[in-house]
Amino acid sequence: MSLVAFDLSGPSRLENMELVVDGASKVFGAGESAVTALTPISLAIGAGEFLSIVGPSGCGKSTLLNLIAGFETPSSGEIRLDGKTVTRPGAERGVVFQQGSLFPWMTVLDNVSFGPISRGVPKAEAREKAMQFIDLVHLSAFASRYPYELSGGMQQRVGIARALANEPRMLLMDEPFASLDQQTREILQFEIKRIWQRTKTTIFWITHSIDEALFLSTHVAVMSARPGRIKKAFASEFFASDDPMVGSTQAFTEAKREVTMVLHEESMKSSKQEEQR
Ligand SMILES: Nc1ncnc2c1ncn2[C@@H]1O[C@H](COP(=O)(O)OP(=O)(O)OP(=O)(O)O)[C@@H](O)[C@H]1O
Ligand SMILES: [Mg+2]
């Protein structure tokens with residue numbers, strides 16, 4: 001088991017991979033109040049890969065996700081999915097936010113079948129599909145409940161099922177477990193790994209937890225303090241371990257130290273930036 005430095009933007013990756021961020025930057029506003037959230041970033045994610053992004057608060061992680069999702073357009077460069085420029089959101093890129101993205105007035109089943117139904121899938125078929133994904137996140141018994149009747153962890157599972165019900169090629173997840181307690185978070189980490197292995201969905205994952213990134217992903221990228229760029233990226237093998245205690249192994253601890261060192265330097269820069277504001 002190991003962690004090795006890895007170039008996410010090598011020429012062969014930029015040419016061949018499923019999702020390519022090609023020199024994409026983002027500046028918000030104009031003139032004196034302009035904020036450069038991202039300097040030109042290049043990286044590629046292959047089909048079935050699981051890329052985790054870690055980086056100091058405010059470094060542009062969510063901005064990068066919003067560009068990939070098509071919620072924002074890059075100020076320069078472009079995002080390509082299978083060679084086609086991304087210009088808007090699409091059902092093939094499912095997004096899961098930190099919390100609260102369910103419709104409170106709809107049952108779990110209605111929330112999960114909403115996407116397929118609005119894309120024209122016949123209602124009965126959409127509901128049957130939705131039930132499969134509700135089952136996948138172990139919530140079959142709660143299909144007719146409303147979000148307020150569920151715990152935070154259960155709501156996040158519904159959010160994941162809802163994204164999966166559109167059968168996206170990619171899941172884009174912005175700190176999906178950040179608001180959960182540690183125990184629930186650990187359970188859901190196992191679940192997302194199982195779902196990823198089962199569905200082979202490509203995953204772009206933002207987290208503040210290096211442990212989570214190492215436990216789940218095939219690749220980990222550390223972003224610099226704002227304006228964000230990829231400071232260093234790694235290929236990681238720990239995701240493939242079937243040892244539930246892999247996080248306690250010496251190899252994992254060493255990998256964690258390596259990523260932490262890169263991140264720590266950037267976090268210090270980032271907090272200086274905050275002070276100087
Ligand atoms: N719509 C917007 N308009 C103006 N500035 C924005 C907008 N969205 C983000 N920013 C700025 O861009 C920078 C990056 O923000 P972003 O939300 O991408 O950071 P982040 O890495 O996701 O942070 P966190 O870890 O706290 O979630 C910040 O300085 C933020 O204020
Ligand atoms: Mg964010």
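When the range 81-96 is limited to residues that are buried (at least 17 other Cβ atoms within 10 Å of the Cβ) and away from ligand 2 (no atom under 16 Å from the Cβ), the one that is farthest from Thr260 (Cα to Cα) turns out to be Val86. If you go through the range 128-180 and keep only what is of a type in the set (Lys, Arg) and surrounded by fewer than 17 Cβ atoms within 10 Å (Cβ to Cβ), you end up with just Arg145.
One residue is enough: does the range 50-69 have a residue meeting the conditions assigned by TED's automatic domain parsing to the domain that holds Glu266, crowded, with 19+ Cβ neighbours inside 10 Å and away from ligand 2 (no atom under 16 Å from the Cβ)? Among the residues of the range 50-69, at least one is assigned by TED's automatic domain parsing to the domain that holds Glu266, crowded, with 19+ Cβ neighbours inside 10 Å and away from ligand 2 (no atom under 16 Å from the Cβ), which makes the answer yes. Quick check: anything in the range 74-85 within 16 Å of ligand 1 (Cβ to nearest atom) and without any contact (Cβ under 8 Å) to a residue 40 or more places away in the chain? Scanning the range 74-85, I find no residue that is within 16 Å of ligand 1 (Cβ to nearest atom) and without any contact (Cβ under 8 Å) to a residue 40 or more places away in the chain, so the answer is no.
Just checking, does the range 97-108 include any residue being assigned by TED's automatic domain parsing to the domain that holds Ala221, within 16 Å of ligand 2 (Cβ to nearest atom) and closer than 20 Å to Ser217 by Cα? Scanning the range 97-108, I find no residue that is assigned by TED's automatic domain parsing to the domain that holds Ala221, within 16 Å of ligand 2 (Cβ to nearest atom) and closer than 20 Å to Ser217 by Cα, so the answer is no. I want to confirm something. Restricting to the range 234-270 and keeping residues that are among the charged types (D, E, K, R) and modelled with pLDDT of 95 or more, which single residue is nearest to Leu51 (Cα to Cα)? Looking at the filtered set, the residue picked out is Glu237. Among the residues of the range 17-57, those identified as in contact (Cβ under 8 Å) with a residue 24 or more places away in the chain and either in contact with a His (Cβ under 6 Å, 6 or more places away or on another chain) or in a loop (DSSP other than H, G, I, E, B) (or both) are Met17, Glu18, Gly46, Ala47, Gly48, Glu49, Leu51, Gly55, Pro56, Ser57.
The values are calculated or read from the model by the stated rules, or taken from the named source; none is laboratory data. Being a predicted model, the structure only gives us computed values, none of them experimental. All Cβ positions, even for glycine, are placed from backbone atoms using ideal geometry, and neighbour counts span all protein chains on display.
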